[in-house]
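A.B. asks: Handing you this structure, nothing more for now.
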Amino acid sequence: MRSPVGVGISIVLTLVISTLAAVIWSREAIPQGGSDLETSLAAWDRVVAVLKHPRCSNCHQPNEPLQGDSAQRHSPRVVRGRDNLGSPGMRCGSCHSEQGNDEASRVPGAADWKMPPRSMAWARLPSGQVCRSLKDPAKNGRRSLKGIIKHMQDDSLVHWSWDPGGMRESVPLPHHVFVEFVEEWVRSGAHCPS
Ligand code: HEC
Ligand code: HEC
């Protein structure tokens with residue numbers, strides 16, 4: 001015959017062991033990487049929606065910038081040129097002011113107005129390729145992921161997209177929310193869709 005105290009102890013032990021087992025099992029059942037992957041991909045979806053907005057994508061083109069909310073060919077026609085600042089006769093800076101938008105002539109402007117290098121022409125790529133291109137130091141201007149966050153926070157051309165002047169639509173998502181999604185994407189592993 002077991003004493004009442006012995007029975008009590010064995011009940012408590014059984015409870016403790018089964019609780020521990022449940023905790024360990026549930027940890028295994030929800031792999032940490034899995035939930036991170038979902039967070040990361042969801043954040044990336046929000047990031048890439050901004051990258052594909054005409055305020056960003058009109059510049060991130062292979063050869064020529066595009067214009068307006070419907071991404072028309074730039075008129076007059078201009079090309080990237082050797083230094084990303086246009087051809088000798090059609091320099092970006094001869095029309096686009098470093099000082100900002102010119103409301104009278106409707107020419108947009110911001111510091112450092114130019115085409116990004118060809119390796120950053122991700123505007124027409126599918127989401128997964130844009131993602132991998134952004135992470136690739138050989139293509140992204142030798143930036144770390146921290147450097148990408150910093151570019152999104154500080155760059156004059158990124159900021160212009162929230163104050164584009166004229167009748168242009170600014171990027172709909174507030175700038176600080178956009179930066180938060182970029183940070184969340186990086187924090188959760190900077191995963192890319194396939
Ligand atoms: C001869 C003047 C001129 C030159 C040179 C010029 N642009 Fe423009 N650009 C304009 C004008 C004017 C607009 C605005 C058109 C409008 O919205 O009606 C414009 C608009 C743009 C836009 C569209 C912004 C948006 O999202 O709607 C981009 C991008 C752009 N230019 C990039 C460039 C780049 C890069 C260069 C140099 C390679 C360049 N431009 C050279 C006159 C010029
Ligand atoms: C007027 C043209 C222009 C516009 C508009 C513009 N960019 Fe860029 N972008 C550039 C140039 C030029 C560089 C290269 C800067 C450097 O490497 O120093 C660049 C670089 C970048 C990079 C660096 C890494 C890489 O692989 O591309 C990112 C990210 C980026 N831009 C995002 C954006 C986003 C987001 C927007 C809109 C919110 C935007 N850009 C709007 C011209 C532009």
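A.B. asks: Exactly one condition in (1) surrounded by fewer than 16 Cβ atoms within 10 Å (Cβ to Cβ); (2) within 12 Å of ligand 2 (Cβ to nearest atom); (3) under 21 Å from Asn63 (Cα atoms); (4) touching a residue at least 40 places away in the same chain (Cβ under 8 Å) is false for Ala123; which is it?
C.D. replies: Checking Ala123 against (1) surrounded by fewer than 16 Cβ atoms within 10 Å (Cβ to Cβ); (2) within 12 Å of ligand 2 (Cβ to nearest atom); (3) under 21 Å from Asn63 (Cα atoms); (4) touching a residue at least 40 places away in the same chain (Cβ under 8 Å), the one that fails is (1).
A.B. asks: Oh, and also: Have a look at Gly109, Gly93 and point out the one that is touching a His at 6+ places or on another chain (Cβ under 6 Å) and at pLDDT 95 or above.
C.D. replies: Sole residue among the options that is touching a His at 6+ places or on another chain (Cβ under 6 Å) and at pLDDT 95 or above: Gly109.
A.B. asks: Taking Arg80 as the residue in question, decide whether it is at pLDDT 95 or above and surrounded by fewer than 17 Cβ atoms within 10 Å (Cβ to Cβ).
C.D. replies: For Arg80, the condition - at pLDDT 95 or above and surrounded by fewer than 17 Cβ atoms within 10 Å (Cβ to Cβ) - is not met.
Okay, residues lined up against (1) under 19 Å from Gln61 (Cα atoms); (2) within 15 Å of the chain's Cα centre (by Cα); (3) surrounded by 14 or more Cβ atoms within 10 Å (Cβ to Cβ); (4) within 11 Å of ligand 1 (Cβ to nearest atom):
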residue	(1), (2), (3), (4)
Leu85	yes, no, yes, yes
Met90	yes, no, yes, yes
Ser105	no, no, no, yes
Arg118	yes, no, no, no
Val130	yes, yes, yes, no
Gly141	yes, no, no, no
Gln153	no, yes, yes, no
Ser156	yes, no, no, no
Val177	no, yes, no, no
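A.B. asks: Just to verify a result, which residue in the stretch 36-94, among those that are part of a helix (DSSP H, G or I), within 13 Å of ligand 2 (Cβ to nearest atom) and among the β-branched types (Val, Ile, Thr), is nearest to Ser161 (Cα to Cα)?
C.D. replies: Val50
The values are calculated or read from the model by the stated rules, or taken from the named source; none is laboratory data. Computed from a prediction, not measured in an experiment: that's the story for all the values here. Note: ideal-geometry Cβ built from the backbone for every residue, glycine included; neighbour counts use all protein chains shown.
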